[in-house]
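Worksheet for the structure shown next.
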Amino acid sequence: MPDHTANQSRHDAPLVRGRDASKDLGVGAALRTVVEPANFDIFPGERISLTGQSGSGKSTLLHLISGLSTPTSGVVEWPQFGSIDALRPTFIGIAFQGPSLLAPLSVVENVALPLLLLGESERHARSAALVMLDRFELSELSDKLPEEISGGQSQRVGVARSLMGEPRLLVADEPTGQCDQVTAFRVLDIMDELTKERGCALIIAAHDPKIASRMDVHWTIEAGRLARNSA
Amino acid sequence: MLEARWLSGLVRRRRGRLVSITVGVALTVGFLAALGSFFSAASSNMTHQAIRSAPVDWQVQLAPGLSASAGLNVVASEPGVAKALAVNYGNVSSFSCNCGGTLQTTGAGKALGIPTSYATVFPKEFRYLIGAHRGVLLAQQTTSNLHAAVGSRIQIGLPGGSHVELRVDGIIDLPAANSLFQAVGQPSALAPQAPPDNVVVLPASLWYSIYQHVNAANASITQIHVRLANVLPSDPSAAFSDALARAHHLEARMTGQALVGNNVAALLDAARNDALYANLLFLFLGVPGVVLAILLTGVLGASGGDRRRKEQALLRLRGASARRVVGLGALEGLTVGVVGSILGVVLALGVGKLSFRAAHLKATGLLTSGWTVSAFVTGLLVAVICLALPVLRDSRTLTIAEGRVALGAPRRPLWARLYLDFVALGLAAIVFIRSASNGYQVVVAPEGVATSAVDTTVFLAPLLLWIGAALLSWRMASAVLSRGGGVLGALLRPAAGPLTSVAVASMRRQRTLLSRGLVILMITSSFAVSTAVFNATYSAQSRVDAGLTNGADVAVTAPGTTGLPSNLANVVQAVPGVASLSPMIHRYAYVGADLQDLYGINPRTIRNSVHMVDSVFTGITAPQALKALASRPDAILVSQETATTYLLTPGTMIRLRLQFAADHRYHTVPFHFVGIVREFPTAPHDSFFIANSRYVARVTGDASSQILLIHTNGPPPPVAAAISTKVSPLSGITVRSIDQQLSATLTGLSAIDLSGLTRLELTLAFLLAAAAAGIVLALGLVERRRTFAIAVAIGAKSRHLASFVWSEAVFILSGGILLGTVTGWLLAEVLTKLLTGVFDPPPDHLSVPVGYLTALLSVTLVSGVVAVVTSLRATREPQMDVLRDL
C-alpha cells in the first residue's frame, strides 16, 4: 500500500488525512475501483501537483480530498477543519477544469457567492469580488453572464471564485486547461501569490509538466494507484 | 444496429423522461378516446331514447273520401314501416250517465275506434286502470266527470243528434293524449291543440257499427298509426332528417291524400338540439383538457433539451447523418407513441367502465369506435411531434458546434412584441359581445327545419380568452421578474437573507423558465376551475330545471282540471318529511282564440314550498314579481311568449275567458298585467299565465286546487312514496319527486349521463393541475441540477438552496394558482353565458364547488411542495455525475 504521509517532521496536524481511502464508481457489472486504497496527508501551506493520464483517477481523488464524495473504504479526515459539512467554502476552495459558473448569475455575483454563503453582507461581498476580479484582470467582465464570456475567461473566473472564501486549502482540477499558455501561467502566478500570502495549501491536478514543476510536492496517479515522486 | 442500441440506451439511461412522456401520451389518448366515445354513445343514446319514447311514430291522417283500407295498404307498403294500423276518431257531442242516482252530462269529446292489436303494437298510448283491457274503455277524466264506474251505462251523443248507449268495460288513462289527439297538418307556429276532456275508446268493429250511419259532415276522421322499423341512423340530426324525408316520401306517394303527424321527428328534433349542445360541451370542456394533456406532454418532451442537443451533436460528430439522427428521434417518438396510445386505450376502457356505466358504453363499442382510432393516431402524432420535431428543427438550424454549447440568452418572444395577448383578449371580448347581442344563440336549429348547426365561431370567445390570459400571464410574470426586483427582494429577504440579491438576480435571468412554469400552472388551474365551476353550476341548474318542471321537491297533481280532494292538503301536511306545501290552481283560459294554461297561486306563501329563481322573470327579480302579483287581486304574470305573440305590455288590462263552475261556460274575466315570466314551476315552457288563486277561485266559483307543491325537510323520494300511499290509484292523481324528474327529463343534456362526464373531466383536471405543479417545479429543478451541484460544490448548504428553490416555487405556485383561478372564473362566466341554451333557465349566479376547489388547491400545493422537497433532498449530496463533467 503506497504511503504518502511524508514530511513527518512537520509539527502541525495535516489539513487532510487519508487512510486506506478508496473509491468505487458504477454499479453491477460496471463497478470499478477508480482510486485504490491510498494513504496521504496534506499539510498547511503545502503545494502539491497531481499528475496522471486521463481516467487515472485524479478528479476522483480531488473529490475525496475536498469532501465532495466519501470514500468507499478507508477514511478521509480534515483534522483542522472538523466535519465534512464544514469544509466549503470556509476551509476548502475548489476550481474546476470545466465551465462551473452558475449560469443565472453574473461574473461578479458568481465570485461574490462564497462570501454570501458565509453570511457576509451583499455590499462587502460585491466589493471583495470586484477586488478579486481586478487581481485576475477580469474587471471588465464583472457584469457579464457566463454564457457571454469564453471558456478560458470562465475558468479564470472560477479560479477567482475558489479563492474568495480565503480557504486554507485550494483544490484545483486542471484550472487552466482551457487557457492559452501565457494566460495559464499568469493565472498560476496569481494563484501562487494569493495562496502564499494566505498560507493556503494548494493541490493542483495538471497534465502539463511545466505546471506540475511549479509545485513542491509531486503526486502521480496511475490506474487509481497514488504514488509520490518527489518532495 | 444503431437504432436498437439507441432505443435500448434510452430505456436504460433516460427511463424517467420516456416514462413521463409515455404517461402524457396515455393521458391524452385515454381522455380523448373516453370523451369522444362517450359523446358518440350519448348521441346514439339520445336517438334511441327519442325513438323509444314516441308512443306512435307517425299518425298519417287520411283525406276525407280515402278509405281506411286503401290508405292502410299504401302506408304499410312504405319502406321502413314495420306496423301500420287504422284508427278512427269520431266526434261526440256529449257524454252522459245516470250514475249514482244523478244525471251527469259533459261537453264534447271523441270516440276512438281501434283494432284489437293496437295496444300490443302501441303499448304507450293506454294505461289500464281498472276493469277489462278490451271493449268499451272510458278515459279516467271522463269517468270522473260522469261519476261512472266499470259496468256503468253511458250515452254518447253523435253528430246529427242521435245517441248510443254503451256499457263501460274498463277505465283507462291516456298518457300521450296530446300527440294522440294532435291536429295533424297544423302549422307549427300555432299553439298546440288541447286534447279533449272526454274520450271513449271502442273496438274498431263497434266504432264502425256506430259511425257508419252518421252522415253529418266532419263526423270522423281516419288515421293510420305507424311503428317504424329500426331504420333510422344513430346520430340524432341524421335520424331527424331521415324521419322527415321518409314522411315526405309517403306524403308524396299519397299525392295530397294524407298528412303525416311525425311524432318521432318531433322528438328527434329535440334530441338533435341536445346532441348539438353535447358537441358544444365537448368543444368547450373536453378539447381544452386534451390540449392541456398535449401541452404537458410537450413540456416533458422539451425537457432536457440541452442534453438532447449535446447527444445529437455527438452522434453527428461520430458520423451519423442528420437524416439518421432525425430518424432516431422519430423512432423514439413512434415507440413512445405506440406504447402510450395502447395504455391510453386501456385507460379509456377503465374510465368508461367507471364513469359511464349509465351511458351503456360498452368496451367493444369503445374499441370499435372511430374515436378510439382517432385518439390512437393523435397519440402517435403527439409523441412524434414532441420527440422528433425538436430533433428535426435542431438538425436544420444548428451546426454541430452550436449544438454542443448552451443556447444564448432568451429573446423577447414575437407574440410579446406584437402584443398578441391584448389582441386575443380584445377579439375574445368582441366575439363574446357579438354572441350576447344574438342572445347567445349558439345552436342554430330552427323548429321544423331539417338542418341544424352549432355556431362554432362562439367557440373563439373562450379560446381566445384562454390564450390571451395565458400570454398576458406570461407578460406579467416576466415583467415582475425583470422589473420588480425591489418588490421581489423585499418579499424574499426574510427567507434568503444575504443571498437575496443573488436569488432575485437568478429569478430575473431565469424569467423564461419561471414564466413558462407559472403559465402552465395557470392554464391547468384555469381549466380545472372553469370546469369545476361550470359543472357545479350545471348540476345546480339541472336541479332548478327539474324543480321548475316538477314544481317542488314533491308535486301532487290531479288529472286534467279535476280538483284534488279538498282534504288532501291536510292529509299530506301530516306526512312525515313534509315541511310545507302550497296548493296551486290549474285552469285553461282563452286569450283570443288560443287556449292557454292558467295557474293560480298564493304569491305570499308560494316561496315556502318552491325555490324561485330570478332568471325566470324578465326585468324583475322573483321577490319583485311575487310582490307585484300580491299588490292587487286581479294581477297577472304573462309568459314571455304570450306577451310577444299578443303584443301585451305590462301595466295594461287584459281580458281572458275562464270556465265558470256554475254553467261550465267560458266568461270574460279582466286581469291586470303586472309582469313577464319566462318559466314557472309545473308550467309549460311556452304560453301560460300566473294569477292569484283567490281571485281565480272567486270569479270562477271553483276553489279546487289541481296541484300541491311540497317542500320536504329530507330526501324527497321517501316523502313522495309516503304520500302515494295516501291517494287512491283510481283517482289518477300522480305523486312525483324532483329526483324522479331529474332522471326522467329528456330535455337538455339530462339525456346524457353527465355525472360520468363530470367525473371524467374533474378527475382529469385534478390530475393535470397536480401533475402540472409537480412537473413544472420538478422539471425546472432537474434542468438546473448542474447549477445546484456547482452551488453545493462551492459551499452552498441545503438552507441556501432552499431559499432559492422556495422563492421560485412560491412565485410559480402563487402566481399560477391566482391567475388560473381568476381566468378559470372568467372562463366559467363566459361558458355559462355562451351555453345559455344548455341551461333552462339560465343561472342567476355561478355555483362554487367549495369542496372540489379546496381539494384542487390542496393537491396542487402538495404536488408542488413534494416536487420541491424531493428535489432539495436530491441536492443534499453532490451529484457525482455532474461533478465529473466539471
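When A:PRO167 is tested against the conditions (1) closer than 20 Å to A:ARG214 by Cβ; (2) of a type outside the set (Ser, Thr, Tyr); (3) away from chain B (no Cβ under 12 Å); (4) assigned to a loop (DSSP other than H, G, I, E, B), the lone failure is (3). Among the residues of the range A:121-166, just one is within 17 Å of A:THR90 (Cα to Cα), surrounded by 21 or more Cβ atoms within 10 Å (Cβ to Cβ) and among the hydroxyl-bearing types (Ser, Thr, Tyr), namely A:SER162. Residues in the range B:45-70 that are among the hydroxyl-bearing types (Ser, Thr, Tyr) and crowded, with 21+ Cβ neighbours inside 10 Å: B:THR47 alone. So which residues in the range B:508-543 are of a type in the set (Lys, Arg) and either crowded, with 24+ Cβ neighbours inside 10 Å or within 14 Å of chain A (Cβ to nearest Cβ) (or both), if there are any at all? Across the range B:508-543, the qualifying residues are B:ARG508, B:ARG509, B:ARG511. The strands (runs of 3 or more DSSP E) falling completely within the range B:121-227 that include 3 or more residues that are more than 44 Å from the chain's Cα centre (by Cα) and modelled with pLDDT of 85 or more map to B:153-157, B:163-167. Evaluated against (1) surrounded by fewer than 18 Cβ atoms within 10 Å (Cβ to Cβ); (2) closer than 17 Å to B:PRO203 by Cα, B:ALA119 falls short on exactly one condition, (1). The range B:609-724 holds helices (runs of 4 or more DSSP H) entirely within its bounds, and those carrying 3 or more residues that are more than 24 Å from B:THR557 (Cβ to Cβ), more than 27 Å from the chain's Cα centre (by Cα) and not hydrophobic (A, V, I, L, M, F, W, C) map to B:622-630.
One residue stands out in the range A:82-96 among those that are more than 7 Å from every other protein chain (Cβ to nearest Cβ) and modelled with pLDDT under 90: the one that is nearest to A:VAL159 (Cα to Cα), namely A:THR90.
Evaluation of A:ALA30 against the conditions (1) touching a residue at least 40 places away in the same chain (Cβ under 8 Å); (2) within 14 Å of chain B (Cβ to nearest Cβ) shows that the sole unmet condition is (1). Criterion applied to B:ARG876, B:ARG884, B:ARG785 was being surrounded by fewer than 18 Cβ atoms within 10 Å (Cβ to Cβ), at pLDDT below 90 and away from every other protein chain (no Cβ under 11 Å), and the one residue passing it is B:ARG785. Taken across the range B:86-99, residues that are assigned to a loop (DSSP other than H, G, I, E, B) and over 30 Å from B:ALA275 (Cα atoms) do occur, with at least one present. Here A:SER49 passes the criteria (1) buried (at least 22 other Cβ atoms within 10 Å of the Cβ); (2) facing another protein chain (nearest Cβ under 10 Å); (3) closer than 26 Å to A:ILE190 by Cα except the one numbered (2). With respect to the conditions (1) at pLDDT 90 or above; (2) not assigned by TED's automatic domain parsing to the domain that holds B:VAL719, B:VAL544 lacks only one, and its number is (1).
For the range A:22-48, residues that are under 24 Å from A:LEU202 (Cβ atoms) and assigned to a loop (DSSP other than H, G, I, E, B) total 4.
Scanning the range A:120-142 for residues that are within 11 Å of another protein chain (Cβ to nearest Cβ) and either more than 28 Å from B:LEU513 (Cβ to Cβ) or acidic (Asp, Glu) (or both) yields A:GLU120, A:SER121, A:GLU122, A:ARG123, A:HIS124. Sub-7 Å Cβ pairs linking a first residue in the range A:56-73 that is away from every other protein chain (no Cβ under 11 Å) to a second residue that is surrounded by 24 or more Cβ atoms within 10 Å (Cβ to Cβ) and in a helix (DSSP H, G or I), at least 6 apart or interchain, are A:PRO71/A:LEU64, ordered by first then second residue.
For the range A:97-119, a residue qualifies if it is crowded, with 24+ Cβ neighbours inside 10 Å, more than 7 Å from every other protein chain (Cβ to nearest Cβ) and closer than 30 Å to A:SER54 by Cα, and the qualifying residues are A:LEU101, A:VAL107, A:ASN110, A:VAL111. The residues of the range A:175-208 that are within 14 Å of chain B (Cβ to nearest Cβ) and either surrounded by fewer than 18 Cβ atoms within 10 Å (Cβ to Cβ) or in contact with a Lys or Arg (Cβ under 8 Å, 6 or more places away or on another chain) (or both) amount to a single one, A:ALA205. Checking each residue in the range B:663-696 for being within 21 Å of B:ARG604 (Cβ to Cβ) and surrounded by fewer than 17 Cβ atoms within 10 Å (Cβ to Cβ) picks out only B:ARG694. When we screen B:SER530, B:SER526, B:SER482 for residues that are part of a helix (DSSP H, G or I) and at pLDDT below 90, the only hit is B:SER482.
Sort out which residues of the range B:491-504 are more than 16 Å from A:PRO114 (Cα to Cα) and within 13 Å of chain A (Cβ to nearest Cβ), and write them in order of number.
Within the range B:491-504, B:LEU492, B:ARG493, B:VAL504 meet the criteria.
From the set of residues in the range B:795-830 that are among the hydroxyl-bearing types (Ser, Thr, Tyr) and within 14 Å of another protein chain (Cβ to nearest Cβ), which is surrounded by the fewest Cβ atoms within 10 Å (Cβ to Cβ)? Going through the qualifying residues, I end up with B:SER798.
Conditions (1) of a type outside the set (A, V, I, L, M); (2) in contact (Cβ under 8 Å) with a residue 60 or more places away in the chain, marked per residue:
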{"residue": "B:THR106", "(1), (2)": "yes, yes"}
{"residue": "B:LEU137", "(1), (2)": "no, yes"}
{"residue": "B:LEU146", "(1), (2)": "no, no"}
{"residue": "B:ILE154", "(1), (2)": "no, no"}
{"residue": "B:SER162", "(1), (2)": "yes, no"}
{"residue": "B:LEU180", "(1), (2)": "no, yes"}
{"residue": "B:ALA183", "(1), (2)": "no, no"}
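The values are calculated or read from the model by the stated rules, or taken from the named source; none is laboratory data. What you see is a predicted model; the values in this text were computed from it and never measured. For neighbour counting, all protein chains shown are included, and Cβ atoms are generated from backbone atoms with ideal geometry for every residue, glycine included.
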